[in-house]
Amino acid sequence: MMKLVFPDGDRPQMLLEQRVYRIGSAPDADVALVAEGLEPLHCELQVGAQGVQVRVPNGIRVLVNGRPVEGLIALRAGDTLGLAAARIRLLDAAAEGATASPAAMRSPEGGDRNATVVRPVLPKFVLRGLSGDHFGRSYPLQASLTIGRADDAGLRIALDSISRLHARLTPAGDEVLLEDLGSANGTWLNGKRITRAPAVHGDEIRVDTQRFQLLMPGQPMRAKVAGTSVPNRWPWPAVMLLAVAGVAYWLSR
């Protein structure tokens with residue numbers, strides 16, 4: 001279990017459950033902070049079975065270990081968030097003696113070589129764009145991801161044909177639960193309109209006309225011919241070899 005520690009000492013530590021935490025200056029924020037420069041919704045922490053991620057809205061400045069970040073970034077124990085004049089540290093609640101030291105709190109820009117550097121984390125699933133402005137781009141699915149036109153959507157598609165909250169994808173084991181959120185123009189899985197359905201590696205997901213493919217990094221793709229996976233078909237050289245062997249056997253009798 002992870003927890004939030006506030007080095008400035010203005011509030012007690014907070015244990016994190018598996019859900020989304022809104023952080024900002026708004027009174028109804030899950031983590032309401034008072035600091036100069038904070039936006040009402042400054043960022044979100046998405047806590048799931050596979051870890052903790054911070055989602056930064058467009059135009060908001062958030063630092064992780066002293067470095068500015070954008071979009072959805074995976075965090076690990078020991079990372080420090082800089083939100084305007086406020087700081088928050090993420091720690092492993094089970095680790096004994098986990099305390100914030102002055103050296104660990106200094107940013108890399110200050111010359112501390114021991115500070116943690118932001119690094120990419122390989123997610124179990126990614127959503128790869130197949131069309132439009134998102135073609136060729138990949139979006140990690142380490143927690144629930146909402147697709148829509150709204151500014152606070154995890155994957156924002158700024159098209160009038162996309163509903164404000166169009167669809168949601170939630171990793172669940174070796175599948176991803178795909179849900180339509182009452183959109184006007186529909187959510188499609190492998191060409192079939194769905195309301196709620198499991199998606200797996202290689203499936204095509206479409207929201208209105210925007211196409212994506214669900215992938216598990218490192219897993220091979222298997223082409224299909226007439227509904228049968230190519231690797232399961234007998235290769236022609238093997239078939240010919242068996243035929244020749246059979247003829248030779250009968251001729252030698």
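The values are calculated or read from the model by the stated rules, or taken from the named source; none is laboratory data. Keep in mind that what you see is a predicted model, and the values were worked out from it rather than measured. Cβ placement follows ideal geometry from the backbone for every residue including glycine, while neighbour counts extend to all protein chains displayed. Accessible surface areas use protein heavy atoms only, side chains included; no ligands, DNA or RNA. Shrake-Rupley method; radii C 1.70, N 1.55, O 1.52, S 1.80 Å.
Return only the number of the condition from (1) small (G, A, S); (2) modelled with pLDDT of 65 or more; (3) surrounded by fewer than 15 Cβ atoms within 10 Å (Cβ to Cβ) that S252 does not satisfy.
(2)
Scan A143, A150 and give me the residue that is on the phi < 0 side of the Ramachandran plot and within 17 Å of the chain's Cα centre (by Cα).
A143
Which residue pairs have Cβ atoms under 7 Å apart, sit 6 or more places apart or on different chains, and have a first residue in the range 176-192 that is farther than 23 Å from G202 by Cβ and a second that is open to solvent by 60 Å² or more (accessible area, probe 1.4 Å)?
Final answer for the pair search is L181/L165; L181/R168.
Looking at (1) surrounded by 15 or more Cβ atoms within 10 Å (Cβ to Cβ); (2) modelled with pLDDT of 90 or more; (3) part of a loop (DSSP other than H, G, I, E, B), which is the one condition that is false for A143?
(2)
Does the range 163-184 contain at least one residue that is part of a loop (DSSP other than H, G, I, E, B) and of a type in the set (D, E, K, R)?
yes
State all residues of the range 4-43 that are of a type in the set (S, T, N, Q) and more than 21 Å from the chain's Cα centre (by Cα); if no residue qualifies, say none.
Q13, S25
Determine whether L127 is of a type in the set (A, V, I, L, M) and within 30 Å of T80 (Cβ to Cβ).
So L127 fits the description; yes.
When you go through E109, E44 one by one, which is the residue that is at pLDDT 90 or above, of a type in the set (D, E, K, R) and outside any loop (DSSP other than H, G, I, E, B)?
Only one candidate passes the filter, namely E44.
Can you say whether R55 is assigned to a strand (DSSP E or B) and open to solvent by 20 Å² or more (accessible area, probe 1.4 Å), as far as the supplied structure shows?
When the stated conditions are applied, R55 does not pass them.
What about A184, is it over 26 Å from E70 (Cβ atoms), open to solvent by 50 Å² or more (accessible area, probe 1.4 Å), within 18 Å of the chain's Cα centre (by Cα) and aliphatic (A, V, I, L, M)?
When the stated conditions are applied, A184 does not pass them.
Go through the range 1-30 and give me each residue that's among the hydroxyl-bearing types (S, T, Y) and more than 14 Å from L81 (Cβ to Cβ).
Within the range 1-30, just S25 meets the criteria.
Any residue at all in the range 126-138 that's free of Cβ contacts under 8 Å to residues at least 24 places away in the same chain, surrounded by 15 or more Cβ atoms within 10 Å (Cβ to Cβ) and assigned to a loop (DSSP other than H, G, I, E, B)?
No, the range 126-138 contains no residue that is free of Cβ contacts under 8 Å to residues at least 24 places away in the same chain, surrounded by 15 or more Cβ atoms within 10 Å (Cβ to Cβ) and assigned to a loop (DSSP other than H, G, I, E, B).
State which residue is most open to solvent (accessible area, probe 1.4 Å) when the search covers only the range 189-215 and only residues that are under 13 Å from I147 (Cα atoms) and assigned to a strand (DSSP E or B).
R211
For the range 58-88, which positions are of a type outside the set (A, V, I, L, M), surrounded by 17 or more Cβ atoms within 10 Å (Cβ to Cβ), within 20 Å of R11 (Cα to Cα) and under 21 Å from the mean Cα position of the chain (by Cα)?
Selection gives D79, T80.
So, in the range 4-35, of the ones that are outside any loop (DSSP other than H, G, I, E, B) and open to solvent by less than 30 Å² (accessible area, probe 1.4 Å), which residue ends up farthest from G154 (Cα to Cα)?
So, considering only residues that are outside any loop (DSSP other than H, G, I, E, B) and open to solvent by less than 30 Å² (accessible area, probe 1.4 Å), the one farthest from G154 (Cα to Cα) is V5.
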